[in-house]
Amino acid sequence: MSDTGSAGNATADKAIPDNVSQFRPRPKAGLVLTGGGARAAYQVGVIKAVRDILGNPVRNPFPILVGTSAGAINAATLAVYAENFSRGVGNLLEVWENMHVDHVYKADFPSIMKSGAKWLSSLMLVSRRNPISLLDNAPLADMLARTLPFERIQDNIDSGALYAVSVTASGYTSGQSVSFFQGGSGAEGWERNQRIGAAVTLKLEYLLASASLPFIFPAVKVHREYFGDGSMRQIAPISPALHLGADRVLVVGTGRQTLDTARSRSNVYPSLAQIAGHALNSIFLDSLSVDLERLERINRTVSLIPPERLAEGKLPLRPIKVLFISPSQPIERIAARFIHELPRAVRFILRPTGALNRSGSNLASYLLFEESFCRALVDLGYQDTEARAQEVRAFFEGTMN
């Protein structure tokens, strides 16, 4: 199990504007949910454990919710039901513990063959039209439209049950990482190198854009630009929560964090699935690890500076408590046990890539939206968080009064 939860400090880049801190002087906990396709079921297990550790509260313990990719969908769900946190968690559990591939993308042979034919004709220059995506995620759009009344987000902000919610997407033309947020009075946008925060009224299109896995799901046009998965080019996943005013963040990863630097030997050329899985891990996991290391390093540096010196220099630095929870077991190994439950058409297109083999199960883990796999991840997230119940209680100390 990862034990990287620790105290951190915000940099000037992560500083909270003065008007935000004045607007909400009470400690503000932020929840940061990263991407990972089907792996995001792990996050639901963590959130379920937090609910139980806190005694099944009605009040939302996370006034600031930040999500990317599949994590954006989980964050938006909690935002919609922020007036009753336990109900929101129950809604997430209902969805993820009864998940099937056809709730997310079309997995029948006609749909798969149609998409494959478009890719093949484009590659062979038979068609001049760009293929949109390998899979059609229209079922996901339908499910979200039915189950998430987005207008309730503003109601929850107005009532004080929620302060802000943010989802991040990546612009294919500008190359910018854009955090679209909806927040209360005092929440302001920001602009940094290749990443900005834009105030909007959240709706379905923003979630679909944030969760648009590159090549796999179609890009979504929002305003003037096509956007894809928010994990791409997101160099600071924790930053949106801090810009929105969080002074402590619970970060939930979807990949096992390890300091083991031992290299494995292999004389077999990597399969397409291994390469694709490695690329997806780079997109979804690496930037979070770097951001956490940066936060902890700056914490150690700032702790050496006397508070009066910080005040004299007008440096916008202050301590940020961080609790990081990530899988204690390799998710790809769990996925290998359930790959056979993927629909036949999906297994048909994945087989040539090597994704059905244990060595290629990393790629399959992102697409394995099946009940048994998702339930296994929910259980793992719950167990990992329960094992750190004392840290969870300490994290919320002073925020639930």
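The values are calculated or read from the model by the stated rules, or taken from the named source; none is laboratory data. Small disclaimer: the values here were computed from a predicted structure and weren't measured. No Cβ is skipped: glycine too gets one built from the backbone with ideal geometry, and neighbour counts run over all protein chains shown. With ligands, DNA and RNA removed, areas are computed over all heavy atoms of the protein, side chains included. Shrake-Rupley method; radii C 1.70, N 1.55, O 1.52, S 1.80 Å.
Considering segment 214-235 alone, what residues qualify as being charged (D, E, K, R) and crowded, with 16+ Cβ neighbours inside 10 Å?
The first filter runs over segment 214-235 and keeps only residues charged (D, E, K, R), leaving 221, 224-225, 229, 233.
If the condition is that a residue be charged (D, E, K, R) and crowded, with 16+ Cβ neighbours inside 10 Å, then Glu225, Asp229, Arg233 are the ones that fit.
Within segment 138-179, the set of residues being over 20 Å from the mean Cα position of the chain (by Cα) and part of a loop (DSSP other than H, G, I, E, B) comprises Pro149, Gly160, Ala161, Thr173, Ser174. Can you tell me which residues in segment 204-217 are of a type outside the set (A, V, I, L, M, F, W, C) and modelled with pLDDT of 90 or more? Those that are of a type outside the set (A, V, I, L, M, F, W, C) and modelled with pLDDT of 90 or more: Glu205, Tyr206, Ser210, Ser212. Considering segment 74-106, and only residues there that are in a loop (DSSP other than H, G, I, E, B) and under 16 Å from Val58 (Cβ atoms), the residue that is least open to solvent (accessible area, probe 1.4 Å) turns out to be Ala82. With respect to Ile320, is the statement that it is out of contact with any Asp or Glu (no Cβ under 9 Å at 6 or more places or on another chain) and open to solvent by less than 50 Å² (accessible area, probe 1.4 Å) true? Judged against the criteria, Ile320 is not a match. Only one entry of Arg333, Arg347, Arg300 meets the criterion of being open to solvent by 30 Å² or more (accessible area, probe 1.4 Å), without any contact (Cβ under 8 Å) to a residue 12 or more places away in the chain and within 26 Å of Tyr105 (Cα to Cα), and that entry is Arg347. Evaluation of Leu134 against the conditions (1) open to solvent by 20 Å² or more (accessible area, probe 1.4 Å); (2) touching a helix residue (DSSP H, G or I) at 6+ places or on another chain (Cβ under 7 Å); (3) modelled with pLDDT under 95; (4) more than 28 Å from Val346 (Cβ to Cβ) shows that the sole unmet condition is (4).
Thr399 meets all of the listed conditions (1) more than 29 Å from Ser271 (Cβ to Cβ); (2) surrounded by 22 or more Cβ atoms within 10 Å (Cβ to Cβ) but one, namely (2). Restricting attention to segment 363-395, the residues being open to solvent by 40 Å² or more (accessible area, probe 1.4 Å), in contact (Cβ under 8 Å) with a residue 40 or more places away in the chain and not in a loop (DSSP other than H, G, I, E, B) number 8.
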